Structures are given as C-alpha cells and as structure tokens.
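Working notes for the structure below.
Derivation of every value follows stated rules applied to the coordinates shown; laboratory data play no part. All values reported here derive from a predicted model rather than from experimental measurement. With ideal geometry, Cβ positions are generated from the backbone for all residues, glycine too; neighbour counts draw on all protein chains shown.
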C-alpha cells in the first residue's frame, strides 16, 4: 500500500495492510501458502501480530477463568476419586493458560500486561464462564461439552500458521482428551443413574445449552477481513462450521443418553447440516460486555488472587532479574 | 462482599469492586527455557518456557508444567537471556550446494568401479 493512494478507513481489508512492505508481505504469504510456520522473530504484518496476540491472550484468559466455576466443585465433588480427577483437570487448565500466555509473549506482550488487561476487564475471555455452576451436574456438563467445544476450536487452530501457538495447542489437545473422557464418564454416570441423578443432569444440560450454542460465536460476516485472516491461517474455520461440527459429534451422544435439548427446531436436515433456533445474540453481547451473572465475581476473585500473592512474588524476585522475550 | 456459589469465595470476604495496583514489570519474573528428556537415552528437547524467580523454582515449575504426566525423566532449565541463537533472517547460512556431495554418503559411488574391475579380471 505504498504511494499516495487514499485508503478508505471503512475498508477494513485495505486498512489492515496499510503501510506494509509489499515484498515482505508477499514472502510472508508465500511461506504460509507453502504450509511453513511463522516463528517469533520472523517479519510479520502488524495486523497478523495484533490479531494473534488478541486471540491467544483471550484463549489464555479463558483457561484461567474457566478454572473458577470448576474449582468451585473440588471440595464438593462426590467421592475422593472425583475430587482428585477434578483437581488434576483444574491444574491442567491453569497450565494451559501459562502455555498460551507464553505463546502470546513471543509476539511482544508481557504476561504482566496481559494479566492487567484481564483484571481491569479490558480483555475478554470465553463468555460461557460468566455463568455459574449451580450443581455438581453443571460441573460435569462443563467438563464434557464445553471442553468438547474447546477441542474442536483448538484442533482447528493447531493447524494455523504461528509456530508457538500451534506447539502450545498440540500439548493442550493431548491433555484435553482426558478432560473430555472424564466429563463424559461423569455425565454418563448421572444419566444412567437414579431418577434424581437424571433430573440433576437434565436440568444442568438445559441450563447450559444456550451458552454452549453461543460458544463458537456469532456467524462470521463474510468480509475481506475474514478472508485475509483465513489466508494467513490465523482463523482456521468459521464459527458456523465449528458449531456444525460440534452438533454433529455431540447431539447424537446426548440423545443416546435419553437426555433432551431445549430447542424444538434442532434436527439434521436433508443436506446433512443441523438446523437450530438462532441463539439469542443480544443476550451474548449483554453478557460479554459485563452483564452476566458472574462477570463481576470472576474478575474480583482474580484480582484478589493477584493481590494476595503479590508479596510472595515480590519477596522471591531478585534485583538482577531482567526480562527478555521468550524464544519460542 | 461477594455472595458466591463457591463457599471459598464467600469465606474469603472478597469485595466485588476491589481495585488493585496494576502488576509492574517483572512481577511475573523472567523466563527460563525448559528442556526435557522423555526417556533415558533420548536427547533433551525444548518443550517451552516457565516464569520463575530463580533456577531452582524454574525446575519445580518446569516439572509441574511439562512433567506432570510421567512423560519426562529429566529436565534442564536455562535463562532465556543466556541462550544465543541464529536469526531466521540469516537462514541462508544453512543452505548447501550440490557440489558439497563429498559430505554425503550418497556422494560416493564405488560399485561401478568394482564391477568394471571384476569384469576386467574375468576377461584376462
């Protein structure tokens, strides 16, 4: 975009490439087209860096905040074995946040900056975690179906173009497979149990269905902007495609257990796609912008943890510490 | 005070509108690159980084982060700033040319000569 051509500020696709060196951009795009990965110190368009930081950082925050509703249930999980398993899962989620923060750090945003943006509410995280886990069955539905959704998203993104993000996701996906099995096992136990247990899991499923349908986000607008992000392998699948994949894999498994879903329009159509009632995107926007039942609690808990741990971190720090961006 | 479904949250008496000083640089310490060995006899491999205040804690965090499923038998950590690296921009330094075949096993073809020599012996 050199020269004195006027760039329409409403033309998002043109704006995102404004000022980039055309030769470097061509080399960068050719590398991605060849299936090669981009590494931290490679040249990259400003917009590529910006979008990746935003995406990886939000993903990291989701892992941290997602551990909160589940952590609620550690002390009350039924039986010693389930307590141990849930503790292991929650530890994994926090570990995932660290892997993701590290990947985002290689792009030049420090972990302190990311945490600050989380606790002041500037950065977003997955909207589902603004809802409470009322019963043990809610924790089971989260472990099974929210993790299932996360895996679909993560498996797609693991084929993206940014090396450190792909490496983090490969490791994460391996661990998530335990979460999925663990969650499924718990839901099956409830669904094949006493009438009271079935009632509990059905109520949780009904409660979580709208947030699950929101999970992949609204339909993507087919814009040049999306097209470029897909060409750069920042975005690997559309939100609707991921939602379809989720429905295809999990609705039959849910129905197998004799559970029902609170959407009378949900069915597979003649073309093999799933029809469903359009989720309430106003509710989604209201919650993501702070209006959900747990937004305030989640961030307050997070701030509290940072504040109470601060003296320990400071006591351990040494004067000769010097920060350098991690290598990979 | 937050009244939460999480009894721990309620007990901790957390104010919903609590504000805190932003984290300062180095609050999360510096980073260490972590290398692990999967099995005795394998090479150590880079697996990622941890933030830690010193090498001893980097080893503890490294073990928690990368070795908690029994997939490592040994871990090394080294401060990120102590690692010297080549630049991807200079990757042409790794390029080689066909006339460097003398470095490769495939650059040595002796069977032709041996067969010719054997033929020569027979015809004598």
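Based on the Kirkwood radius over alpha-carbon pairs, what value in µm²/s does the Stokes-Einstein equation return for the translational diffusion coefficient of chain A at 10 °C and 1.306 mPa s?
Result for D is 74 µm²/s.
How crowded by other chains is A:295-305, given as the mean number of beta carbons from other chains within 10 Å of each beta carbon? Could the numbers behind the result be given before it?
Values: counts 0, 3, 8, 1, 2, 11, 9, 2, 6, 8, 2.
Counting Cβ atoms of other protein chains within 10 Å of each residue's Cβ and averaging gives 5.
Per-residue Cβ counts within 10 Å, from other chains only, averaged over B:58-71: what number is that?
Whole-number average of other-chain Cβ neighbours for B:58-71 is 2.
Relative to the first principal axis of the alpha-carbon coordinates of chain A, what is the inclination of helix A:239-256, with its axis defined by its Cα atoms, in degrees from 0 to 90 and to the nearest 10?
Tilt of helix A:239-256: around 20 degrees.
Inside 10 Å of the C-beta atoms of A:318-328, what's the mean count of C-beta atoms belonging to other chains?
Across the residues of A:318-328, the mean count of other-chain Cβ atoms within 10 Å is 6.
Give me the percent of DSSP beta bridges within the protein assembly as shown that run antiparallel, rounded to the nearest 5.
Values: 15 of 16 bridges.
Among the beta bridges of the protein assembly as shown, antiparallel pairing accounts for roughly 95 percent.
Quick check on the exposure proxy: order B:82, A:275 from fewest to most C-beta atoms within 10 angstrom. Write out the running numbers ahead of the final one.
On the way: B:82 9, A:275 13.
The most exposed by this proxy come first: B:82, A:275.
Taking Cα centroids, how far is the stretch A:95-133 from the stretch A:155-179 in Å?
17 Å
Can you give me the relative contact order of chain A as a percent, contacts being Cα pairs under 8 Å and 6 or more apart?
Computed value for chain A: 21 percent relative contact order.
Mind ordering B:87-98, B:50-61 by average Cβ neighbours within 10 Å, highest first?
The peptides rank, most packed first, as B:50-61, B:87-98.
Against the longest alpha carbon principal axis of chain B, how many degrees, from 0 to 90 and to the nearest 10, is the axis of helix B:111-123 turned?
That works out to roughly 20 degrees.
Apply the a/c threshold of 1.5 to the C-alpha gyration tensor of chain B and tell me whether it is rounded, prolate or oblate.
Since a/c reaches 1.5 and a/b is larger than b/c, the shape of chain B is classed as prolate.
Fewest Cβ neighbours within 10 Å first, please rank A:166, A:294, A:173 accordingly. List each step's numbers first, then the result.
Numbers: A:166 18, A:294 21, A:173 15.
So the residues, fewest neighbours to most, are A:173, A:166, A:294.
Could you please state, rounded to a whole Å, how far the C-alpha centre of the stretch A:250-315 is from the C-alpha centre of the stretch B:51-79?
Each part reduced to its Cα centre gives a spacing of 33 Å.
By how many degrees, between 0 and 90 and to the nearest 10, does the Cα long axis of helix A:163-191 differ from the longest principal axis of chain A?
On a 0 to 90 degree scale, this one is about 10.
Give me B:73, A:201 ranked fewest to most by other Cβ atoms within 10 Å of their Cβ, as a rough exposure proxy.
B:73, A:201
I'd like to know how the stretch B:1-69 sits against the 2.2 N^0.38 Å rule of thumb: what's its Cα Rg over that expected value?
1.69
Quick check on packing: order A:104-114, A:219-229 by the mean number of other C-beta atoms within 10 Å, highest mean leading. It would help to have the intermediate numbers written out before the result.
On the way: A:104-114: 20.5, A:219-229: 14.3.
Ranked from most to least packed, the peptides come out as A:104-114, A:219-229.
Could you check which residue among A:80, A:215, A:246 shows the biggest mean-square fluctuation in a GNM of chain A with a 10 Å Cα cutoff?
A:80
Return the single residue from B:70, B:62, B:48 with maximal mean-square fluctuation; model: Gaussian network over chain B, springs between Cα atoms under 10 Å.
For chain B, modelled as a Gaussian network with Cα springs under 10 Å, the answer is B:70.
Springs between alpha-carbon pairs under 10 angstrom, Gaussian network model over chain A: which of A:315, A:168, A:139 fluctuates most?
A:315
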